């Protein structure tokens with residue numbers, strides 16, 4: 001099984017944007033652009049994550065998955081009221097989970113309203129729920145999700161407070177929630193404080209194990225486009241895990257299972 005990039009975004013100007021958004025790109029990051037990045041860096045497969053600024057209109061994501069059904073999987077953004085039939089249709093297109101991008105957003109109560117039924121539908125499909133939120137708020141979110149039987153994937157190292165780093169109490173509590181149904185993405189290192197990732201890696205490894213860590217490029221590095229690039233993102237992983245056998249677990253074996261890519265017979 002070849003390497004997997006577990007976190008990337010695609011979009012183009014002219015798409016309908018969410019009314020409530022924190023960022024509006026002024027450039028295109030198309031499927032073709034992304035595939036060229038994968039090819040140039042020897043990455044076999046990729047996971048497309050619905051950008052927050054596109055809201056719950058996943059049509060561009062679904063079109064891209066249809067164009068490369070063997071090579072790509074998707075993480076959608078949905079309203080909690082979404083029907084079972086709509087989720088099933090996305091499942092057939094290669095979607096394997098939903099994302100809760102709660103950065104700067106109101107913190108929902110996942111135990112009330114439409115959320116419990118939505119999460120039960122997600123769990124029935126064998127999907128994951130990917131969570132983006134500052135570490136201080138992660139533990140109760142993760143606990144509520146686990147209660148509903150879903151797999152949980154925590155974005156971008158868990159986003160500890162840059163001032164506190166690995167001493168952030170919320171991030172430490174996340175380590176205590178390590179289980180067979182929680183994964184962490186080694187992605188977006190530039191979205192954390194300086195030096196955080198090197199300090200975090202041994203702690204994440206000890207708590208979760210290599211088989212609960214996956215790597216993502218976070219291409220096209222929205223809001224950091226001029227500060228980093230794909231090659232640098234991949235080089236960080238090589239620095240964190242210099243042993244090729246260990247890197248193979250994080251880069252290929254674990255994401256192949258988590259994102260439901262076909263394994264060789």
* What number of residues in region 157-190 are touching a helix residue (DSSP H, G or I) at 6+ places or on another chain (Cβ under 6 Å), surrounded by fewer than 20 Cβ atoms within 10 Å (Cβ to Cβ) and assigned to a helix (DSSP H, G or I)? -> 4
* **Pair list, Cβ under 7 Å, 6 or more apart: region 19-48 residue closer than 15 Å to residue 233 by Cβ, other residue exposed (fewer than 14 other Cβ atoms within 10 Å of the Cβ)** => 41/231
* How many of the residues making up region 206-234 are modelled with pLDDT of 95 or more and either on the phi > 0 side of the Ramachandran plot or in contact with a strand residue (DSSP E or B) (Cβ under 7 Å, 6 or more places away or on another chain) (or both)? -> 13
* Considering only region 22-56, how many residues are closer than 18 Å to residue 98 by Cβ and loosely packed, with under 15 Cβ neighbours inside 10 Å? -> 1
* Asked: Looking at residue 154, is it surrounded by fewer than 21 Cβ atoms within 10 Å (Cβ to Cβ) and at pLDDT 95 or above?
  -> no
* Check on residue 200, buried (at least 19 other Cβ atoms within 10 Å of the Cβ) and in contact (Cβ under 8 Å) with a residue 40 or more places away in the chain -> yes
* Yes/no for residue 200 being in a loop (DSSP other than H, G, I, E, B) and under 18 Å from the mean Cα position of the chain (by Cα) -> no
* To do: Could you check residue 57 against (1) at pLDDT 95 or above; (2) under 20 Å from residue 235 (Cβ atoms); (3) not in a helix (DSSP H, G or I) and say which number it fails?
  => (2)
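The values are calculated or read from the model by the stated rules, or taken from the named source; none is laboratory data. Small disclaimer: the values here were computed from a predicted structure and weren't measured. Cβ sites come from the backbone with ideal geometry, for glycine too, and all protein chains shown count toward neighbours.
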